[in-house]
Amino acid sequence: MLANLRRLLQHRELIRTLVAREVKARYRGSVLGFFWSFANPLLLLLVYTFVFSVILPGFRGGELEPYALFLFCGLLPWTWFSSSLLESSNVLIANGNLLKKVMFPAEILPIVTVLSNMVHFLLGLPVLGAFLAWYALDGRLPGPLQAVELVWLPAVILVQLLLTLGCALLLSALTVHFRDIRDLLGNLLTLWFFATPIIYPMALVPAGGKPIMDLNPFAHLAISYQEILFYNGPFGHWKWLLALAAASLALAVIGYSVFDRLRDTFAEEV
Amino acid sequence: MSAAVELDGVAKEYRRYGPGRRAGTLKSALLGGRLRDLAPREILRAVDDVSLRIPSGAAFGIVGRNGSGKSTLLKLMAGITRPTAGSVKVHGRVSALIELGAGFHPEISGRENVFINGVMLGLTRREIARRFEEIVEFAEMEDFIDAPVRTYSSGMYMRLGFAVAVHVDADVLLVDEVLAVGDERFSLKCLDKFAEYKRRGKTTVLVTHGLDMVERFCDEALWLDAGKVRTSGDPRRVLHAYRGDVETEEEHELAARDEKARQAVDAESDAAADREEPADPPAPAEAAPAEAQAAEPPEAPDEAPPGDEPEDMFKAAAGRWGDGPVRIDDVRLEGESGPAHLFQSGAGLAIRMRVTAPEEVTDFVFGISIFNAAGVCCYGTNTDIERYRPVALSGTGEVVFVIDSLDLVEGTYKLDVAAHRRDGAQYDYHRLLYTFRVKSQTRDAGIYRPAHSWTFTPNIRFEEPES
């Protein structure tokens, strides 16, 4: 495993190049081009805001003002997570000719998928920052922005990266053998989205549901983002975040081992 | 000399699964019940116990039939697949020309793709930048390099892929049948590139069906047959053995095909004979070559029409017609050393027909015609045209038609043989039922090769032609 990691490190230029390719290729040919990286989360946000302010105004809790900002804190990381998983479940099959015809460490493909989605996430952060600044200047934030909390943000992102990588490696390797996963996954992610406090706050979850929520790794990520960026007061969720970090690391190791075990079968199965 | 590539007892197995596996994969795996379905149905040994050593700086050719494991062997050397058993050692940087332009992204420009492809093949961006001009020039893509790859023609795509791969400057270049990129001129350029590699002491491993190329270019050759090494060493010797084997197999194949055609037609004509006693149809013209112009290409003999005789024999599909007092029971092709279906151009060919007439017949003609694959009659004659006046035929006898020198160009030919009355009414007509192949060292064109020679005045000089 260590030798494999070292080889991966040798391929960092390839990873970098491929991530750049993915990011560039995504919006190539469209009029707005790169701007879509900002426009996409913005439009998504508008849709959700419209739904929960006009169609279902009674749905959200009273303290969630401004709601758009609250939503954005959970939605942006979720998009990174779910797109990465959906794409990586297909990435080995879609790039079969690379695996069959070029000497190429296969794990690069899911890693590139996760990283290029992370680039989109990072590009979305300034939009979030702009919203934050807008509401802060307007004095409409629930409390004064505490800059010291922002120190936690990179840690949360790192934990999410680990979690996403672990899931992506596992999924991409298994899908080669069980293609049904691709179809199953889309629905599973929809369920997961609504089972995570993204469009509603954790406070609305009934007491009986809380232990279940605690088992949802993305719930802790969403809560962390919300506590750091939206809510006022100290970042109280850090213990959960550390636990999640350990779990994510374990998952990444397991995912990589499974991937490594199945590696030799890819070229024959895709 | 040190070895660039060393294979020791290498085997590669592929598993083939039963049809049930694809259908219920996840279900059966989750339920854990019918794990039997997941077990491979059959194990295919694509490469079987291959050991070889390619010295550094050599050009090494691998030949063999389709499915003999050549490409798998190359993939093992490239490290794309791992061997099931044995060890593969390759010293130095490898560039595999197996799939050209693998990983080109259609949406981005050729320029960016060259960089990505280069990094994939193990170059750094700086190395690529240094060679960029050369790559583009080699691929002849100066005008299109900034257009997205999806707008490229397949030839442009392959040329650019090839250009990147050969500029990797590998120590070991693995080439899998990729010389069919672009026109004649580009192919020559590729060959020059290989020659340059060789001059610079790099190792080249070539998998190809182009035997001439192996003969010209390689220092050593290996013949792979069903995953095993049949023989290796001096290219001339290896290729001679390989060609001989291919010819033997072709011979068997042609013989089997003829046999099948004959059986099908026999069954057909027996059935037709049982149905009715055909009246004498209007006689087709005598089998003279001039009428062959518009002949259709021969079709599969299985589609032989029923007993009715066609209007024009030369346009008919394969089959057998006629119900006369003379039967042709057996037709055999012979070369200089016994029955054959494969002949060198210029060699001798004998057509032996066994004919039977239960009662004495006094009006009979024997004829043969040779057709090429396009259905053109190359030659046709009969005993009547050549002024043999029939006197009597009874019982079983043999008619032998001998061609001293079969001066046809390379190709596959089919044969008509017939026995008929002098007015043309058929006794027994075998249409396109016999196949033979002509091989030639010379790639000349046309149908017929007249005996010829070239002479030049002393001021026109050539090198001695290779034999």
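General remarks:
- Probe 1.4 Å - accessible area at residue B:80, Å² to nearest ten: 20
- Inter-label distance, nm, simple model (7 Å from Cα along the C-beta direction), residue B:447/residue A:210: 9.7
- Around the amide H of residue B:93, modelled in the peptide plane, lie the amide H atoms of B:171, B:172, all under 5 Å away and 5 or more residues distant in sequence or on another chain.
- Per-residue surface analysis assigns residue A:177 an accessible area of about 20 Å², computed on protein heavy atoms at 1.4 Å probe radius.
- Element breakdown for the protein assembly as shown at a 1.4 angstrom probe: carbon and sulfur atoms account for 57% of the accessible area.
- Across the range A:2-269, C-alpha contacts under 8 Å between residues 6 or more apart give a mean separation that, scaled by the residue count, equals a relative contact order of 26 percent.
- Residue pairs exceeding 22 angstrom between C-alpha atoms, taken from A:100/B:193; B:414/B:439; B:70/B:260; B:198/B:228; B:75/B:189: A:100/B:193; B:70/B:260; B:198/B:228; B:75/B:189.
- Nearest-0.05 FRET efficiency for residue B:373 and residue B:89, computed from C-beta distance (R0 60 Å): 0.80
- Degrees separating the helix A:12-26 axis from the principal Cα axis of chain A, which is the longest one: 60
- Of the residues B:253, B:463, the one with the largest accessible area comes first in the ranking B:463, B:253, computed with a 1.4 Å probe on protein heavy atoms.
- Once the 1.4 Å probe is applied to the protein heavy atoms, the range B:3-244 comes out at 45 Å² accessible per residue.
- Buried accessible area, chains A and B (both chains, 1.4 Å probe, Å² to nearest 100): 2700
- Chain-alone versus full-assembly comparison, the range A:97-118, residues with accessible loss of at least 50 Å² (1.4 Å probe): A:101, A:102, A:103
- With every protein chain in place and a 1.4 angstrom probe, the accessible-area ranking of A:78, A:238, largest first, reads A:238, A:78.
- Label-point separation in nm, residue B:456 to residue B:423, each point 7 Å along Cα→Cβ: 6.1
- All-pairs alpha carbon distance profile, the range A:2-269, 10 Å steps from 0, percent: 6, 27, 34, 22, 9, 1, 0
- Only beta bridges with both residues in the range B:3-244 are counted; by DSSP, about 55 percent of them are antiparallel.
- Here residue B:400 and residue B:463 are evaluated by their C-beta separation; at R0 = 41 Å the FRET efficiency comes out at 0.40.
- Angle in degrees between helix A:180-194 and the longest Cα principal axis of chain A, rounded to the nearest 10: 10
- Per residue, the average separation of C-alpha pairs within less than 8 Å and at least 6 apart gives the range A:195-270 a relative contact order of 22 percent.
- Contact with the other protein chains removes 30 Å² or more of accessible area, compared with the isolated chain and a 1.4 Å probe, from these residues of the range A:234-270: A:264, A:268, A:269.
- Taking amide H as placed 1.01 Å from N in the peptide plane, the amide H of residue B:3 sits under 5 Å from that of B:56, each at least 5 places away or on another chain.
- The C-alpha atoms of chain A define a longest principal axis, and helix A:217-229 lies at about 50 degrees to it.
- Taken residue by residue and averaged, Cβ atoms of other chains lying within 10 Å of the Cβ of B:115-128 number 3.
- Residues with amide H under 5 Å from that of residue B:373, placed H, sequence gap 5 or more: B:412
- FRET efficiency estimate (nearest 0.05) - Cβ-Cβ, residue B:336 to residue B:387, R0 30 angstrom: 0.55
- Paramagnetic reach from residue A:122 in the range A:29-58 [backbone N under 19 Å; point 7 Å along Cα→Cβ]: A:34-41
- Annotation: per residue accessible area for chain A equals 46 Å², rounded to a whole number [probe 1.4 Å, protein chains only].
- Where both bridge residues fall in the protein assembly as shown, DSSP classifies roughly 75% of the beta bridges as antiparallel.
- What you get for the range A:2-269, charging only the Cβ of Lys and Arg (+1) and of Asp and Glu (-1), is a dipole of about 640 debye around the Cα centre.
- Solvent-accessible surface (1.4 Å probe) assigned to residue A:183 amounts to roughly 110 Å².
- Principal axis extents of the Cα atoms in the protein assembly as shown, from largest to smallest and rounded to whole angstrom, are 124, 70, 49.
- Of the residues B:82, B:352, A:6, the one with the largest accessible area comes first in the ranking A:6, B:82, B:352, computed with a 1.4 Å probe on protein heavy atoms.
The values are calculated or read from the model by the stated rules, or taken from the named source; none is laboratory data. Nothing here was measured: the structure is a model prediction, and the numbers come from that model. We place every Cβ from the backbone using ideal geometry, glycine too, and count neighbours over all the protein chains shown. When the accessible area is computed, the model is the full protein with side chains, heavy atoms only, and any ligands, DNA or RNA have been set aside. Shrake-Rupley method; radii C 1.70, N 1.55, O 1.52, S 1.80 Å.
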